[in-house]
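Chemist: One structure coming up, written as structure tokens, with questions to follow.
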Amino acid sequence: MLEDFKMKYINLIIIVLLCSSCLRLDDNLYNVEDKITEYKLDNYTGEQDFILDNSYLIPDSLIHHFTLSSKGPEDNNATTIHAIYIGSISKIQTDTVIMYCHGNKWHMDFYWQRAKLLAHTSGKNKYGVLMIDYRGYGLSEGEPTENGLYADVDAALQWLKLKGLTNNRLAIYGFSMGSAPACELSNKPRSMTPSKLILEAPFASADVMANDGSGLNMPGSFFTNLKIDNAEEIKTISQPFCWIHGTNDNFLNINTHGELVYKNYNGNYKEAHRVSGADHGEVPEKMGFDNYLNTLSTFIKK
């Protein structure tokens, strides 16, 4: 009896320690470290997933940095967030635009190479690319929250709509954490309804993240207050869906996350691209930049 009690007590202490540190997902989902005072883009020398060669350079005249006012339904006051548009703003009313929702790490400088690469889909600057730093990221004001993610991306879509973009020319691309606003605003559109959904290394839900991280079969609510559930959300998304995921993803396991999201899609068209040997940030490079861009171009044109 005494030994049994001791084991239960030790197990309880272990669970408490885990929950009070690395498994507080609502604290750790948002990685806003590497504070900056300005955006450096091509001159950024910090960590990046890959660096493109000079053939992918974008003319300064097609790089636009500006701020947006973001105010969600639950916000008392608006939050100023930073955005970068790649392309000719005067042509948004006729161009196709990719709304890029970046992952949980740092700021737009870290994702600049990815945005530049997307600007070469179907040819250099054939499509526009819009990227934002969510509240609390980079130079954007405020603190990151789940509802804030949705409000901030919607503020970007409002801007595109005011510039003349129509739903049929909008594709939304969510990478990692960015899969949450991409799914939410495809399923429950606000300012605009994306015509195509692209998810790279999406996570299934807060529950799956908690169980993957803890090794314990416990509800996600035990570890986090996050309500994000892409695997459930995608069941009612009807737009054509392109899923890309690395088979060696050590952050968001392809089997527990991506495969579940892909399986749950019930819309009219879906395609899967399982990238052999790619870890979480390696998909475009391991896929090969040309192959990656051709895949996106073919999908967006469908």
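Chemist: For region 155-198, what log10 I(q)/I(0) values come out of the Debye formula at q = 0.19, 0.27 1/Å, with one point per alpha carbon and no solvent?
Modeler: -0.51, -0.97
Chemist: Sticking with this one: Among the listed pairs Lys40/Lys91; Lys263/Lys286; Lys196/Lys301, give every one whose C-alpha distance is greater than 20 Å.
Modeler: On the way: Lys40/Lys91 25 Å; Lys263/Lys286 24 Å; Lys196/Lys301 10 Å.
Result: Lys40/Lys91; Lys263/Lys286 exceed 20 Å.
Chemist: With a Förster radius of 25 Å, plug the Cβ-Cβ distance of Asp279 and Asp42 into 1/(1 + (r/R0)^6) and report the FRET value to the nearest 0.05.
Modeler: Details: r = 24 Å, r/R0 = 0.97.
Computed FRET efficiency for Asp279 and Asp42: 0.55.
Chemist: Could you list which residues have their amide H under 5 Å from that of Lys270, counting only those 5 or more apart in sequence or on another chain, with H placed in the peptide plane?
Modeler: Phe241
Chemist: Per 5 Å bin, what is the whole-percent P(r) computed from every C-alpha pair distance within region 29-157?
Modeler: Calculated over all Cα pairs of region 29-157, the distribution is 2, 11, 22, 23, 20, 14, 7, 2, 0, 0 percent.
Chemist: Another question about this same structure. How high is the relative contact order of region 124-167? Use alpha-carbon pairs under 8 Å, at least six apart in sequence, and give a whole percent.
Modeler: On the way: 23 pairs, mean separation 12.5, N = 44.
The value is 28 percent.
Chemist: Follow-up question, since we're still on this one. Compute, for region 44-182, the length of the dipole vector about the Cα centre, with Cβ point charges of +1 (Lys, Arg) and -1 (Asp, Glu) only. Units Debye, rounded to 20.
Modeler: Numbers: 11 positive and 14 negative charges, 134 e Å.
About 640 debye.
Chemist: Follow-up question, since we're still on this one. Once you sort the root eigenvalues of the Cα gyration tensor of region 77-144 as a ≥ b ≥ c, which label holds: rounded (a/c under 1.5), prolate (a/b larger than b/c) or oblate (the other case)? Could the numbers behind the result be given before it?
Modeler: Details: a/c = 3.14, a/b = 1.68, b/c = 1.87.
Note, shape of region 77-144 comes out oblate.
Bear in mind these aren't lab numbers, they're just calculated from the coordinates by the rules spelled out. As the structure is a prediction and not an experimental result, all values here were calculated from the model. Positions of Cβ are generated from backbone atoms using ideal geometry, with glycine treated the same way; all protein chains shown enter the neighbour counts.
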